[in-house]
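J.: Encoded as structure tokens, here's the structure I'll be asking about.
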Amino acid sequence: MAFKIITADERLAEKRGIKAVIFGKSGIGKTSLLWSLNERSTLFVDLEAGDLAVEGWSGDTVRPRTWTEFRDFVVFLAGPNPALRDDQPFSEAHYGHVLERFGDPSALAKYETYFVDSITVLSRLCFQWCKGQPQAFSEKTGKPDARGAYGLLGSELITALTHLQHARGKNVFLVGILDEKVDDYNRKVFSLQIDGSKTGLELPGIVDEVITLAELKAEDGSLQRAFVCQTLNPWGYPAKDRSGRLDLVEEPHLGRLMAKIAGPAKPAPERLDFSRPDASLPLSSEH
């Protein structure tokens, strides 16, 4: 069978969802971003069971309690990977098993956006599962092997999050806590609060958008929350915009952010000009 060639017109006509991770320090209001999404078409994947910030939000919620439950949810949403063996997660066999449990996947059709809060807790659920697997024990002594457990953790998380990319028509927002530290040269360094280093290093390369929800100081001295969206930013926050449509700083509203990403693309010469990132707010470099 010949490979199917997807024409430019077909590709541009496809419905494409946004896959994004949103970083922010604890308490800055990451969960509250749920209020800026359409309640009828958003599913809240509540891993933290800490939904007090969105009490009264009238959308639907699921609460996976284990890593295997989350994997089942991912394959139910994104479908199977035909390249995998039947004994592997996200395979045709795994998908068939999940369909027997959950029923018709068309039940998810009404949801356009999945808000996963948080990847920090998800990593802990995954690590707890990994510590009970054969790879987490030494073959020679049978004692726990932390290196094996952490290696499996990175592989499991990256595989699951990469599989989510195949839910092409869906928007997925992964929320995570951002740690701020000072290095040996007294410079601020930011990193995702997550078990294991592999996921923290590879996650930005998987998703389309990396956004930091930060408190920034305007030129008049006032503080305001904002999305930092571009890699070249004066604060050193983790950020990436694969769409080429976002400014350096955007309003912290996910509905409007999605609308802007779905809007007309910037001309290629403008997208390739990295000399001066645009800013939508007059901000100082202090925060």
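J.: Restricting to region 134-156, what's the tally of residues that are surrounded by fewer than 19 Cβ atoms within 10 Å (Cβ to Cβ), closer than 17 Å to residue 68 by Cα and of a type in the set (Gly, Ala, Ser)?
T.: 1
J.: Does residue 124 count as outside the structural domain of residue 255 (by TED's automatic domain parsing), in a loop (DSSP other than H, G, I, E, B) and charged (D, E, K, R)?
T.: no
J.: Now for a separate question. Just give me the residues in region 200-229 being of a type outside the set (Ser, Thr, Tyr), outside any strand (DSSP E or B) and over 16 Å from the mean Cα position of the chain (by Cα), in sequence order.
T.: 219, 220, 221
J.: Name the residue that is nearest to residue 178 (Cα to Cα), counting only residues in region 102-121 that are among the polar types (S, T, N, Q) and outside any loop (DSSP other than H, G, I, E, B).
T.: Once the filter is applied, the top-ranked residue is 120.
J.: Next up: From the list 30, 110, which one is crowded, with 19+ Cβ neighbours inside 10 Å, charged (D, E, K, R) and either touching a strand residue (DSSP E or B) at 6+ places or on another chain (Cβ under 8 Å) or in contact (Cβ under 8 Å) with a residue 40 or more places away in the chain (or both)?
T.: Within the list 30, 110, the selection yields 30.
J.: Would you pick out the residues in region 197-225 that are closer than 18 Å to residue 22 by Cα, out of contact with any helix residue (DSSP H, G or I) (no Cβ under 9 Å at 6 or more places or on another chain), surrounded by fewer than 16 Cβ atoms within 10 Å (Cβ to Cβ) and touching a residue at least 40 places away in the same chain (Cβ under 8 Å)?
T.: Within region 197-225, 215, 224, 225 qualify.
J.: So residue 118 ticks every box in (1) surrounded by 21 or more Cβ atoms within 10 Å (Cβ to Cβ); (2) at pLDDT 95 or above but one. Which box is left unticked?
T.: (2)
J.: Which ones in region 51-77 are acidic (Asp, Glu) and either in contact with a strand residue (DSSP E or B) (Cβ under 7 Å, 6 or more places away or on another chain) or buried (at least 19 other Cβ atoms within 10 Å of the Cβ) (or both)?
T.: Across region 51-77, the qualifying residues are 60, 72.
J.: Taking the residues in region 48-77 that are part of a helix (DSSP H, G or I) and in contact (Cβ under 8 Å) with a residue 40 or more places away in the chain as candidates, determine which candidate is farthest from the chain's Cα centre (by Cα).
T.: 68
Results for (1) touching a helix residue (DSSP H, G or I) at 6+ places or on another chain (Cβ under 7 Å); (2) in the same structural domain as residue 241 (by TED's automatic domain parsing); (3) of a type in the set (D, E, K, R), shown as yes or no for each residue.
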{"site": "7", "(1), (2), (3)": "no, no, no"}
{"site": "20", "(1), (2), (3)": "no, no, no"}
{"site": "26", "(1), (2), (3)": "no, no, no"}
{"site": "63", "(1), (2), (3)": "no, no, yes"}
{"site": "81", "(1), (2), (3)": "yes, no, no"}
{"site": "85", "(1), (2), (3)": "no, no, yes"}
{"site": "95", "(1), (2), (3)": "yes, no, no"}
{"site": "107", "(1), (2), (3)": "no, no, no"}
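J.: Just checking, does region 254-264 include any residue being modelled with pLDDT of 70 or more, more than 22 Å from residue 220 (Cβ to Cβ), outside any helix (DSSP H, G or I) and in contact with a helix residue (DSSP H, G or I) (Cβ under 8 Å, 6 or more places away or on another chain)?
T.: No, region 254-264 has no match at all.
J.: Being in contact with a Leu (Cβ under 9 Å, 6 or more places away or on another chain), small (Gly, Ala, Ser) and under 24 Å from residue 47 (Cβ atoms) narrows it down to one of 214, 226, so name that one.
T.: Unique residue meeting the criteria: 214.
J.: Continuing with this model, one more query. Mind checking which residues of region 162-196 are farther than 24 Å from residue 35 by Cα, buried (at least 20 other Cβ atoms within 10 Å of the Cβ) and assigned by TED's automatic domain parsing to the domain that holds residue 132?
T.: The one that is farther than 24 Å from residue 35 by Cα, buried (at least 20 other Cβ atoms within 10 Å of the Cβ) and assigned by TED's automatic domain parsing to the domain that holds residue 132: 163.
J.: Sticking with this one: Run down 43, 34 and say which single residue is touching a helix residue (DSSP H, G or I) at 6+ places or on another chain (Cβ under 6 Å) and either in the same structural domain as residue 251 (by TED's automatic domain parsing) or modelled with pLDDT of 80 or more (or both).
T.: 34
The values are calculated or read from the model by the stated rules, or taken from the named source; none is laboratory data. Keep in mind it's a predicted model, so treat the numbers as computed, not measured. With ideal geometry, Cβ positions are generated from the backbone for all residues, glycine too; neighbour counts draw on all protein chains shown.
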